[in-house]
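Peer 1: Just passing along the structure, written as structure tokens.
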């Protein structure tokens, strides 16, 4: 017998192996086609725009486009002494076009980010330039203002030559590239972002820990109570879970205000005097309290779903073998709940670190977080590239936590309600 | 929960301390919601319990803020409610359609790159809303859909689909695929099988995903803040503006209505969850 006849054939005469492979491929395509619409939709409307945020955050081509000749002539300039006449001439020509197109104000703003003092001398230059004579632009420009004779200002222009920059990322961690090209910290009184990052991390961690210590006992109680009682108590967890975030924040604003119920209670019990009511809103305390209550259900639900599966007979067995309830709890029960703890803590942490609404409403100045800063730059200063840079830094942090979550718990194990 | 008779005293004490802690946590969770309810009937303009309310004087209570909510002079709430419902309904339909299809594909054992694709599909739920807001705003501004209903609906479909994908894949995980094969062997075409066999069985998961998508859209404010123009104002936007500018009791009247709505959602979600567990043969 030869090999040909040994192969199992289907009724069509095709080898079975091939036929199965074909069927599998068909099934694969079928499965993929079902996922494709959503995947495509998300990639176009969501994943690409996030990628675009990256380009926006490093893009610096605007100035490159505004001063093409200047940067070309500057290529050979070593930056030690004042540039030659032809750089001045190129700058004059570039700037003249910008003034004619009324774009020179934007250039002033951009260069002022790089070095303070550009705004006024560029304005003055635009005014005086109309009377410039042909030739010897170096002297004419230098005569406009004494800052034009200082080499630092020309170096500042040269620094903006590359079309890409990582300066926005440096700014996000309170660093900048100084005139010598070294990366240094900004002066101490202007280090606002480092404080914000630390505060965000601090509040996210604090809220996670608080949530854990509050959720663990009640999840345990819900898991061991008979169904008819636990269902009733479960409403206390699920009703806030389904209620609008803004409604819950509003209720905290009412409770925590100076004439609010919590303060009334403090006065009534004699903890504080009536004219000495503590400020609990528009600061960090308010953010802490409100965020803990709002995120608590996200800790209770994963804990509960794990605790529900732990058989009570395990604890009984431990106790019957002589373990005290305390030891039985820490040696038997607690280790079994660790998957739930991991899921709950990471979920709460991920949600807390990017929180926006609650800190914006009850946080005030000392309780605002990194997302509030992002929103501020998107809406008020319109520095979208900086907002993108900050957003991506935050996103990187979240993705790292998400990756750990995926490794520990598995993304398929997320449960809702 | 009753303790056995032989329990030692200090464990008995510890047990009661434990129950007290639990009671406080439950109070902490639920009590803030109940502050809103009585204050929305306040006859006065302040957001504190007036002396009359503490004495339960009937004159201290009124429906004026509910009246203001419906017939108020400028009345932004009517338009906001209309927009919110339109946006939420279309966003839910879109999320359910795309999400269910994707979940069906993901549950197939032939699906390639399952982990990577699942992670991508769930990502809008994990990425902080502020970043989603910025990214979606850039996209919508580029294609000219900023400040339109369509733009907001598409944004909410992005945010709502992960919930549908998760709930439907969860339902499908207990799904016995031999029933669809049985249908096929009896001559049913795939579409017929889906409508007659698969869909009725996964329906609880689909509806509970739809509820999540609806609530997400109805409550969403961060992304809408970036996208909405004056004509696209929604209930959360109005609440946000109100809470930032001046806290008026009208907001509390709206909030009370929202709490009632969320209670209804909770009841239906619970009902669906139990029905789904019964159908899949999970017993409590």
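Any read-out appearing in this document is the output of simple, stated calculations on the displayed coordinates, not a laboratory observation. Computed from a predicted model, the values in this text were never measured in an experiment. So basically every Cβ, Gly included, is an ideal-geometry build from the backbone, and we count neighbours across all protein chains shown.
Peer 1: Using the beta-carbon distance between residue A:166 and residue B:5 and R0 = 56 Å, what value does 1/(1 + (r/R0)^6) give for FRET efficiency, to the nearest 0.05? Could the numbers behind the result be given before it?
Peer 2: Numbers: r = 71 Å, r/R0 = 1.27.
For R0 = 56 Å, the calculated efficiency reads 0.20.
Peer 1: Here's a follow-up. On a 0 to 90 degree scale, rounded to 10, what angle separates helix A:227-242 from the longest Cα axis of chain A?
Peer 2: Helix A:227-242 and the main axis of chain A meet at about 10 degrees.
Peer 1: Between residue A:119 and residue A:381, how many nm apart are label points set 7 Å from Cα along the C-beta direction?
Peer 2: About 1.3 nm separates the two model spin labels.
Peer 1: Related question: Can you tell me the FRET efficiency between residue A:400 and residue A:23 if r is taken as the Cβ-Cβ distance and R0 is 56 Å, rounded to the nearest 0.05?
Peer 2: 0.85
Peer 1: A further question on this structure: Looking at region A:9-156, I'd like the Rg to Rh ratio, where Rg is from alpha-carbon atoms and Rh is Kirkwood's inverse mean 1/r.
Peer 2: For region A:9-156, the value is 1.48.
Peer 1: Also, quick follow-up: What is the order of A:139, B:220, fewest Cβ neighbours within 10 Å to most?
Peer 2: By the 10 Å Cβ count, ascending: A:139, B:220.
Peer 1: How tilted is helix A:16-42 with respect to the longest principal axis of chain A? Cα atoms for both, answer in degrees (0 to 90, nearest 10).
Peer 2: Helix A:16-42 and the main axis of chain A meet at about 60 degrees.
Peer 1: Could you calculate the contour length gain from residue A:100 to residue A:329, that is, 0.36 nm times the residue separation minus the distance between their Cα atoms, to one decimal place in nm?
Peer 2: In short, 74.6 nm is gained.
Peer 1: What whole number of Å gives the distance from the Cα centroid of region B:61-109 to the Cα centroid of region B:1-39?
Peer 2: Going from one Cα centre to the other spans 37 Å.
Peer 1: May I ask for the distance between the Cα centers of region A:252-308 and region A:16-37, given as a whole number of Å?
Peer 2: Here the answer is 55 Å between Cα centres.
Peer 1: Given a 10 angstrom Cα cut-off, can you work out which residue in A:32, A:386, A:265 is the most mobile in a GNM of chain A?
Peer 2: A:32
Peer 1: Report, in whole Å, the centroid distance computed from the Cα atoms of region A:96-122 and region A:334-357.
Peer 2: Centre-to-centre (Cα) distance: 49 Å.
Peer 1: Measure off 7 Å from each Cα along the Cα-to-Cβ vector at residue B:231 and residue B:27, then give the distance between these two points in nanometres to one decimal.
Peer 2: Label-label distance for residue B:231 and residue B:27, simple model: 5.2 nm.
Peer 1: For a test of the definition: using alpha carbon positions, the gyration tensor, and the 1.5 limit on a/c, classify region A:59-126 as rounded, prolate or oblate.
Peer 2: rounded
Peer 1: For A:252, A:384, what's the fewest-to-most ordering of other Cβ within 10 Å of each Cβ?
Peer 2: Ranked by crowding around the Cβ, least crowded first: A:384, A:252.
Peer 1: What Kirkwood Rh does region B:125-241 have if only Cα atoms enter the pairwise 1/r average? Answer in Å. Can you show the working numbers first?
Peer 2: Working: mean 1/r = 0.0613 Å⁻¹.
Roughly 16.3 Å, rounded to one decimal.
Peer 1: Using the number of other C-beta atoms within 10 angstrom as an exposure proxy, rank A:86, A:26 with the fewest first.
Peer 2: A:26, A:86
Peer 1: Here is a follow-up. If r is the Cβ-Cβ distance from residue B:89 to residue B:54 and R0 is 45 Å, what FRET efficiency results, to the nearest 0.05?
Peer 2: 0.60
Peer 1: Given axes a ≥ b ≥ c from the Cα gyration tensor, I'd like to know whether region A:231-323 is rounded (a/c under 1.5), prolate (a/b larger than b/c) or oblate.
Peer 2: Prolate, since a/c reaches 1.5 and a/b exceeds b/c.
Peer 1: A further question follows. Tell me the angle of helix A:384-408 to the major Cα principal axis of chain A, expressed in degrees between 0 and 90 and rounded to the nearest ten.
Peer 2: The angle comes out near 30 degrees.
Peer 1: What is the pair-distance distribution P(r) of the protein assembly as shown, computed from all Cα-Cα distances in 20 Å bins starting at 0, with each bin given as a whole percent?
Peer 2: 14, 40, 30, 13, 3, 0
Peer 1: Now, a different point. Indicate the gyration tensor shape class of chain B (rounded, prolate or oblate), computed on the Cα atoms with a ≥ b ≥ c the square roots of the eigenvalues: a/c under 1.5 is rounded; otherwise a/b larger than b/c is prolate and the rest oblate.
Peer 2: Note, shape of chain B comes out oblate.
Peer 1: Another question about this same structure. 7 Å from Cα along Cα→Cβ at both residue A:313 and residue A:134: what's the point-to-point distance in nm?
Peer 2: 10.4 nm
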